[in-house]
Amino acid sequence: MREVEVGRPTELPVFEALRRHREEIGARHLRELFREDPDRGGRHTAEAAGIYLDYSKNRIVDETLRLLVAFAEGMGLRERIEAMFRGEPINETERRPVLHVALRAPRGERIVVDGRDVVAEVHHVRARMEAFAEALRAGEVRGHTGRPLRNLVHIGIGGSELGPRMVCEALRPLARDDLRIRFVANLDAFDFAEAVRGLDPEETLFLVCSKTFTTLETLTNARTAREWLLARCREPAAVAHHFAAVSGNRAEAERFGIPAERIFEIWDFVGGRFSVDSAIGLSVVVAVGAAAWADFLGGLRAMDEHFREAPFERNLPVLLALISIWYSVFFGAETRAVLPYSQALARLPAFLQQLEMESDGKGVDRAGRPVTWPTAPVVFGEPGTNGQHAFFQLLHQGTHLVPCDFIVPCRGPYPIAPHQDLLVANGLAQAEALAFGRTPDEVAAEGVPPELVSHRSFPGNRPSNTLMLDEVSPRSLGALIALYEHRVMAEGTLLAINSFDQWGVELGKRLAGTLAEDIRAARPAGRDSSTRTLLARYLERRRRT
Ligand code: F6P
C-alpha cells in the first residue's frame, strides 16, 4: 500500500476549540437552550430527498455547529466526498474506489475506472436482473419439472443479506401474495430448515448471494440447498433450473452448477454493506417489481446529489456525522440508539449495525497509526414502541449518555385508526421526555411522596435527532439508506479512518477453520486452555449424542 497522508483530528486547532466549547456546553441543559432560543425547534432543521431532520434536541448552539463545520473542512471532508464520487481509490488498504453511488447513477452518466465506464456496466446488469425478476413474477421461470417457481430462498450473510431482507420487510405491503420470499443467513441449520419448511422443491429457486462466493455460511447453506433439491429432483441437471447467483466470482458460481446467464455481477468497487441497491437486491425486485425498484434507486440518487452539493450546514448526512462525533469524541458517548417508529423498519437497526460498526469500528487511522480518539459507537435499536417496553428505562434514567435517532414516518401502509396517531405521539413524547425530563420540584408538586421523588424524576438533557418522512415508500427508504451510507462515510472521514475495509473479521474466520479441522479429526486441540477444554467438552458431548 502506498503511504497515505492523513491529518489527525486531534492535531487540528479547531479540535482544541471544540474541546473548550464542550466544557461550556456540558454545563447547560436542553431546557435552558430552548428557553434562550425558543425557535430552535424550527431553526435547527434541514430537509432533503423527502426526509426532514430536526436536530434541535441536541446539546449544541450555533457556535457548536460553526466549529464542527470548520472541523469537517479541516479533515478534508469536501475533497474526500468528491474523490469518492469521481471514483478515486479512497479505500486505500484494498486499493479500490468506493462507488456504490454508481449503482444509482442515471444511464448516460460516466464514471470511468481503469478505462471502464462503470455506470454502463451497472445498467447492463440492472437490465438483466430486472428482466429475470419480472419473468419470475410473471410465472415464466420454470423449474426442472416444468412447474413455475413461486418460492425464492435468498441465501447470503452480512451485506449480502441484511439490506435486501430489511428492504423486503419494509416494502412487504407492496409485495405479491403468490410469491414467497425467505432468507437464510446463519450457519445454524435451524435457519435453513425453517426457511424451506413447507416449500415444494419443484417450485423453489435458491438465490445465492455472495460477492466472494467463498463465505463459509453461504456456501454451506447453498450446498445443503442443493442436496435438499436433489433429494427430490434426483437429476443433477435440476440445479441449473433452481439456482441463480449474485457474485463477483463468476468462476466459483459456475463451478457450483449455476449457469452463466443466471449469474448477476457485483463489483469490487461496491462494499458488501453498501450493496443493497446492486444485484444483491434482486429479491427486492422480485418482491416489488422493477418500477418500485426504480423509485428506490431514485431515492438513493436524490440523497447522493444532496450529499455532494449541499453546504455542510444544511447537509443531512454531514450534520448527522458531526453530531455523532460531537457526542462520541467530546462527550465520551459509547453507544447510539436507532429507534424507528415503524414496524416496516423493524430490521433497520440490524442493517445499520453492520453499516456503521463494520465501517467505522476501527482502531487505526488511514495511515495505519493507532487512533487516540474513539471511533464508531455501538449501534443498537428496536422499533418503537416495542423498545419503550424493553430498554428505554436506561435511556431515561440510566447512567449512560445514549444519543438517539428517532425515525418517524407520518403515514403507515395500513390506515387503521387510531394506530398511526398513537405511534407518532409516542415517538415524539419519548424524544421530548429525553430532552426535558421532569425535575424533582415538578414531581413533588404533583404530590409524589418525598421518598419517591428521586425515583420518579427524569434528568433530561438526553439528546436525539428526529427524522420525519411522509411514509416508508421505495423512494423514501432509498433516501434513508443513502443518508446513513453517507453519514458513515462522513464520520469515517472526520475520524481519519477507512470506512471501507473490514480486516477485523478475518482472524475469527481463520481460527474457525482450524477449529473445524480439529473437530473433524475429533482432536481436542486449541491454542489455549479455555478453548481446549471447551472443545474437549463439545467432542465428548457430541460422542454421547
Ligand atoms: O465477514 C464480513 C463480510 O465480509 C461482510 O463484509 C460481507 O458483507 C459478508 O462478509 C458477506 O460476504 P460475501 O458477500 O462475500 O459472502
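The values are calculated or read from the model by the stated rules, or taken from the named source; none is laboratory data. Owing to the predicted nature of the structure, the values given are computational and were not obtained by experimental measurement. Backbone-built Cβ (ideal geometry, glycine too); neighbour counts: all protein chains shown. Note: areas computed on protein heavy atoms with side chains; ligands, DNA, RNA excluded. Shrake-Rupley method; radii C 1.70, N 1.55, O 1.52, S 1.80 Å.
For the reader, a short list of remarks on this structure follows.
- Among (1) more than 30 Å from F206 (Cβ to Cβ); (2) surrounded by 15 or more Cβ atoms within 10 Å (Cβ to Cβ) - the single one E130 does not satisfy: (1)
- Looking across the stretch 59-83, just one residue is over 23 Å from W326 (Cβ atoms) and touching a helix residue (DSSP H, G or I) at 6+ places or on another chain (Cβ under 9 Å), and that is E82.
- Of all residues in the stretch 335-353 being assigned to a loop (DSSP other than H, G, I, E, B) and more than 14 Å from C404 (Cβ to Cβ), the one that is farthest from the ligand (Cβ to nearest atom): S342
- Of the helices (runs of 4 or more DSSP H) lying entirely inside the stretch 40-125, those containing at least 2 residues that are free of Cβ contacts under 8 Å to residues at least 40 places away in the same chain and in contact with an Asp or Glu (Cβ under 8 Å, 6 or more places away or on another chain) are 40-43.
Yes/no matrix, rows are residues, columns are (1) under 17 Å from G332 (Cα atoms); (2) not in a loop (DSSP other than H, G, I, E, B):
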residue: L355; (1), (2): no, yes
residue: S359; (1), (2): no, yes
residue: A367; (1), (2): no, no
residue: T372; (1), (2): yes, no
residue: G387; (1), (2): no, yes
residue: L395; (1), (2): yes, yes
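- Residue check, G159 within 16 Å of the ligand (Cβ to nearest atom) and either within 26 Å of the chain's Cα centre (by Cα) or modelled with pLDDT of 95 or more (or both): yes
- Whenever a residue of the stretch 195-210 is more than 29 Å from R273 (Cβ to Cβ), its partners that are in a helix (DSSP H, G or I), lying with C-beta atoms within less than 6 angstrom and at least six residues away or across chains, give the pairs P201/L229; P201/R232.
- On the stretch given as the stretch 514-537, residues that are surrounded by 10 or more Cβ atoms within 10 Å (Cβ to Cβ) and either under 22 Å from T218 (Cα atoms) or at pLDDT 95 or above (or both) total 6.
- Some residue of the stretch 374-385 being among the aromatic types (F, W, Y), free of Cβ contacts under 8 Å to residues at least 40 places away in the same chain and either open to solvent by less than 70 Å² (accessible area, probe 1.4 Å) or in contact with a Gly (Cβ under 8 Å, 6 or more places away or on another chain) (or both): no
- A302 being surrounded by fewer than 22 Cβ atoms within 10 Å (Cβ to Cβ) and either aliphatic (A, V, I, L, M) or within 13 Å of the ligand (Cβ to nearest atom) (or both): yes
- If the condition is being aliphatic (A, V, I, L, M), within 20 Å of T372 (Cα to Cα) and part of a helix (DSSP H, G or I), then the stretch 1-27 contributes V14, A17, L18.
- Residues of the stretch 64-83 that are over 26 Å from I25 (Cβ atoms) and out of contact with any His (no Cβ under 9 Å at 6 or more places or on another chain): E79, R80, E82, A83.
- Residue list for the stretch 324-340, restricted to those being in contact with an Asp or Glu (Cβ under 9 Å, 6 or more places away or on another chain), of a type in the set (G, A, S) and farther than 17 Å from Q388 by Cβ: S324, S328
- For the stretch 97-153, a residue qualifies if it is of a type in the set (D, E), over 24 Å from the mean Cα position of the chain (by Cα) and within 18 Å of E265 (Cβ to Cβ), and the qualifying residues are D114, D117, E121.
- Residue match in the stretch 323-331 (condition: within 16 Å of the ligand (Cβ to nearest atom), out of contact with any Phe, Trp or Tyr (no Cβ under 6 Å at 6 or more places or on another chain) and of a type in the set (F, W, Y)): no
- Among the residues of the stretch 257-283, those that are in a helix (DSSP H, G or I), within 16 Å of the ligand (Cβ to nearest atom) and of a type in the set (A, V, I, L, M, F, W, C) comprise F274, A279, I280, L282.
Yes/no per residue for (1) open to solvent by 70 Å² or more (accessible area, probe 1.4 Å); (2) within 15 Å of the ligand (Cβ to nearest atom):
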| residue | (1), (2) |
| --- | --- |
| C168 | no, no |
| L174 | yes, no |
| N186 | yes, yes |
| A193 | no, no |
| E202 | no, no |
| C209 | no, yes |
| E217 | no, yes |
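- The residue of the stretch 219-243 that is farthest from the ligand (Cβ to nearest atom), among those that are within 15 Å of I155 (Cα to Cα) and exposed (fewer than 14 other Cβ atoms within 10 Å of the Cβ), is E227.
- Filter pass, G7 being more than 30 Å from E442 (Cβ to Cβ), surrounded by 14 or more Cβ atoms within 10 Å (Cβ to Cβ) and either in contact with a Cys (Cβ under 6 Å, 6 or more places away or on another chain) or at pLDDT below 95 (or both): yes
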